[in-house]
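Please read the structure below before turning to the comments.
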Amino acid sequence: MKEGFLYILQSEKNGRYYIGSTDDIARRLGEHNRGHTKSTANLVPWKLVFCQKYQSVVVARQMELRLKKFKNREIIKRIIIEQKIKAGL
């Protein structure tokens, strides 16, 4: 089974965050910065501010959905500063 990654990008244009998951972080960051993702195309360039590895893409996607449910910029900022997602999130 292929490992997965949960990532957080920050737009260098306006500081907004984007949360995603993938099996290839370098490829996915490139896609975002080339405008291949409709929801992020108008906010390029993006920089990777957080990345965490999981045992599979399925687990990374589950964590992505959990994190997106919070819709709380302060939680995202804390994750970026601490460079980890606390248990129970």
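The values are calculated or read from the model by the stated rules, or taken from the named source; none is laboratory data. Note that the structure is predicted; figures quoted are calculated from it, not measured. Ideal geometry is used to build each Cβ from the backbone, glycine not excepted, and the neighbour counts take in all protein chains shown.
Some observations on this one:
- Top-ranked residue in the stretch 1-38 [being in contact with a helix residue (DSSP H, G or I) (Cβ under 7 Å, 6 or more places away or on another chain), β-branched (Val, Ile, Thr) and touching a residue at least 24 places away in the same chain (Cβ under 8 Å); ranked as surrounded by the most Cβ atoms within 10 Å (Cβ to Cβ)]: ILE8
- Selection count where residues are buried (at least 16 other Cβ atoms within 10 Å of the Cβ) and either closer than 17 Å to GLY4 by Cα or not hydrophobic (A, V, I, L, M, F, W, C) (or both), scope the stretch 60-77: 5
- Scan of the stretch 39-58 for residues that are surrounded by fewer than 16 Cβ atoms within 10 Å (Cβ to Cβ) and β-branched (Val, Ile, Thr), ordered by number: VAL44, VAL58
- Elements of type helices (runs of 4 or more DSSP H) in the chain, at least 3 residues being modelled with pLDDT under 95: 57-70, 73-82
- Remark: pairs (first residue in the stretch 50-61, in contact (Cβ under 8 Å) with a residue 24 or more places away in the chain; second residue surrounded by fewer than 16 Cβ atoms within 10 Å (Cβ to Cβ) and not in a strand (DSSP E or B); Cβ separation under 6 Å; 6+ apart in sequence or on different chains) = PHE50/ILE80; LYS53/GLU3; SER56/MET1; VAL57/ASP23.
- Of all residues in the stretch 42-64, those satisfying the criterion of being within 15 Å of the chain's Cα centre (by Cα) and closer than 16 Å to GLN10 by Cα are LEU43, VAL44, PRO45, TRP46, LYS47, LEU48, VAL49, PHE50, CYS51, GLN52, GLU64.
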